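Report on one structure; see the data block that follows.
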Amino acid sequence: MTTLSNQDFHQTKLIIFSAPSGSGKTTIVNYLMKEHPELKLAFSISCTSRQPRGKERQGVDYFFLSPEEFKAKIANNEFLEYEEVYPDRFYGTLKSQVESQCAAGQNVVFDVDVKGGCNIKNFYDDRALSVFIQPPSVEELRRRLVGRATDTPEVIEQRLAKAKYELTFANRFDRIIVNDDLAKAQAETLKVVSDFLTL
Ligand code: ADP
Ligand code: 5GP
């Protein structure tokens, strides 16, 4: 699926965040991006064939495509990686996104599912840091998903079923951050990312 050469981009770095949905990955990534401009982070905007929810905006949170448009880009080999995360719900990273952000001298932050995270890490190897954000427990994950109030009970059950599987991937990541106390998890993430970028 991946056809880019590792030499194609300037040597900025890549930081991959994966976690079961509801673990607090978006909260932690937003903290890094907003509070730490010195890290020169750019968020990799993925494509998805799901509908926008809440305040999500086209071209900011995701590029929202129809399933047909998504499949056309797959056929055209435009994705660095993609997954059918839920039936007929595609998510993927465009090669052109990563290329332009690296060319602009930015370090690229990915928020992708565990399989996508492992694929991107395998592709970029030492140029990428993969971080798994782990919830303290599945019960707490349920509380957070219910509290976030963005999903129907049916979707929450789908996410929890998938979470149990995703938690088995944690040890494949370079670092695991347990997001129990948010301030502590943010501080730990900041240290891990800063250390990696100054290597
Ligand atoms: P993800 O991006 O992993 O799906 P979010 O960042 O959307 O998760 O977080 C899910 C919900 O949990 C949000 O309502 C968020 O405010 C809340 N949350 C995040 N971290 C914590 C934490 N450490 N303790 C309690 N609630 C949290
Ligand atoms: P959500 O619907 O909550 O925005 O995302 C659902 C899942 O899709 C999350 O685990 C998210 O990390 C993942 N995801 C988002 N973008 C991508 C992508 O480009 N590639 C892959 N493989 N997964 C993605």
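Data for the structure
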{"quantity": "Helical contribution to [θ] at 222 nm, DSSP H n ≥ 4, -39,500 (n - 2.57), averaged over the chain, rounded to 500", "calculated": "-12500 deg cm²/dmol"}
{"quantity": "Relative contact order of the chain, defined on C-alpha pairs under 8 angstrom at six or more residues apart (%)", "calculated": "32"}
{"quantity": "Calculated SAXS-style log₁₀ I(q)/I(0) at q = 0.25 Å⁻¹ - region 44-105, Debye, Cα scatterers", "calculated": "-1.07"}
{"quantity": "Candidate lysines - alpha carbon under 19 Å from K34, same-chain residues fewer than 8 apart omitted", "calculated": "K13, K25, K55, K184, K191"}
{"quantity": "Neighbour-count order for T198, T189, T26, T150, fewest beta carbons within 10 angstrom listed first", "calculated": "T198, T150, T26, T189"}
{"quantity": "Considering only region 44-105, percent of DSSP beta bridges that pair antiparallel, nearest 5", "calculated": "65"}
{"quantity": "Separation of the N77 and K34 label points, Cα + 7 Å toward Cβ, nm", "calculated": "4.1"}
{"quantity": "For the chain, share of DSSP beta bridges that run antiparallel, in % to the nearest 5", "calculated": "30"}
{"quantity": "FRET E, pair K164, T27, Förster distance 25 Å, beta-carbon r, rounded to 0.05", "calculated": "0.70"}
{"quantity": "Rg/Rg_globular for region 152-195, with Rg_globular taken as 2.2 N^0.38 Å and Rg from C-alpha atoms", "calculated": "1.48"}
{"quantity": "Relative contact order of region 44-105, pairs being alpha-carbon contacts under 8 Å that are 6 or more residues apart, as %", "calculated": "37"}
{"quantity": "Likely footprinting exposure, T48, T27, T93, T152, fewest C-beta neighbours within 10 Å first", "calculated": "T152, T27, T48, T93"}
{"quantity": "Share of Cα-Cα pairs in the chain lying beyond 26 Å, as whole percent", "calculated": "30"}
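Read the figures in this text as sums done on the coordinates, not as results from a lab. This is a predicted model, so every value here is computed, not measured. Here Cβ is always computed from backbone atoms with ideal geometry, including for glycine, and neighbour counts include all displayed protein chains.
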